[in-house]
Each structure stands twice: as structure tokens, then as C-alpha cells.
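Here the structure comes first, spelled out in C-alpha cells, and everything after it is commentary.
The values are calculated or read from the model by the stated rules, or taken from the named source; none is laboratory data. Here the structure is a predicted model, which is why all the values come from computation and not from measurement. Neighbour counts run over all protein chains shown; Cβ positions are idealised from the backbone, glycine included. Quick note on the areas: whole protein, heavy atoms, side chains included, nothing else; ligands and nucleic acids left out. Shrake-Rupley method; radii C 1.70, N 1.55, O 1.52, S 1.80 Å.
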Amino acid sequence: FAPVRTLRLVARAFPWPVVVRAAGGGVVCGALWDRVYAVLRVPITAAEWALLCADEVKRRAVERAMRRRVERDPQGEEDVPLRIDYLGSSTLFLGLERDDAYVQSVLLPGVRMGEPRVIRMGRPLDT
């Protein structure tokens with residue numbers, strides 16, 4: 001197998017794409033985990049929040065997740081919703097799967113993905 005230099009990922013659990021680029025020969029697991037973590041630690045933008053507010057149930061779930069996160073670490077991030085809060089309690093990375101039909105259904109028109117992969121997320125056992 002040839003090393004993968006760029007990995008483009010989508011997820012059913014969240015709407016943000018994840019692009020992992022190899023620092024050396026190919027993408028390694030640590031780079032994948034670091035990139036997923038970085039993408040989910042970004043504050044939700046005002047535009048994203050406006051779209052999210054169209055779904056009252058989802059908005060309340062994000063606010064609950066944000067309060068839980070801030071209560072666990074009051075010295076941590078600001079008291080603003082982060083993308084990780086969008087996941088609620090389904091924050092466990094379960095791996096990658098191939099689902100070409102799903103990937104094609106969520107890609108922007110004109111965007112191509114070499115080897116489409118979908119990020120699987122789930123709930124930790126202790127929640």
C-alpha cells in the first residue's frame with residue numbers, strides 16, 4: 001500500500017469536514033486523532049449558531065453539553081459553545097468506516113474525495 005498523504009473525512013455526528021495532511025511519509029493515527037480533536041475544539045461561529053437555533057432541541061442539547069464541559073473544567077475554555085458540544089455525550093472516537101453513498105450525499109458539489117471515509121462517534125461507557 002502507498003502511504004496516504006491527505007485524508008479527507010466527514011461524519012454523521014457533526015457537519016464539519018476533517019482534513020488530515022501527512023507531516024512526513026503518510027498520515028499516521030496520532031495525526032488523525034490530533035486533527036479531529038483540533039476541529040472539534042473550535043468555537044461555533046455565529047452563522048453556525050444561527051443555523052443550529054432552527055432546531056430548538058439540538059440548541060438546548062448543545063447548551064447543556066457546554067455547561068457540563070465548563071463545570072468539569074472552569075479554568076478551561078471560555079464559556080462559549082465549541083464544536084465538541086454539538087456532539088452532546090457522543091464524544092468517543094470509534095474509528096473510520098467507508099460509506100461512499102453517505103459521503104456523496106454530504107459533499108459540496110464539485111468536491112472530490114479520493115478514498116472517502118466517515119468518522120464514527122459514540123458514547124463513552126461512563127455516561
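So here's what we get for this one:
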item: Residue in the stretch 5-59 that is farthest from V80 (Cα to Cα), counting only those that are among the hydroxyl-bearing types (S, T, Y) and open to solvent by less than 70 Å² (accessible area, probe 1.4 Å); result: T6
item: Failed item in (1) under 28 Å from A2 (Cβ atoms); (2) without any contact (Cβ under 8 Å) to a residue 60 or more places away in the chain, with P116 passing the rest; result: (2)
item: Matching residues in the stretch 18-75 - criterion: being more than 25 Å from R117 (Cβ to Cβ) and aromatic (F, W, Y); result: W49
item: Residues of the stretch 72-122 classified as closer than 23 Å to A50 by Cβ, in a helix (DSSP H, G or I) and open to solvent by 60 Å² or more (accessible area, probe 1.4 Å), total; result: 1
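Yes or no, residue by residue, for (1) in contact (Cβ under 8 Å) with a residue 60 or more places away in the chain; (2) outside any helix (DSSP H, G or I); (3) over 20 Å from R98 (Cβ atoms):
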{"residue": "P3", "(1), (2), (3)": "no, yes, no"}
{"residue": "W49", "(1), (2), (3)": "no, no, yes"}
{"residue": "A54", "(1), (2), (3)": "no, yes, yes"}
{"residue": "R64", "(1), (2), (3)": "no, no, yes"}
{"residue": "R67", "(1), (2), (3)": "no, no, yes"}
{"residue": "V70", "(1), (2), (3)": "no, no, yes"}
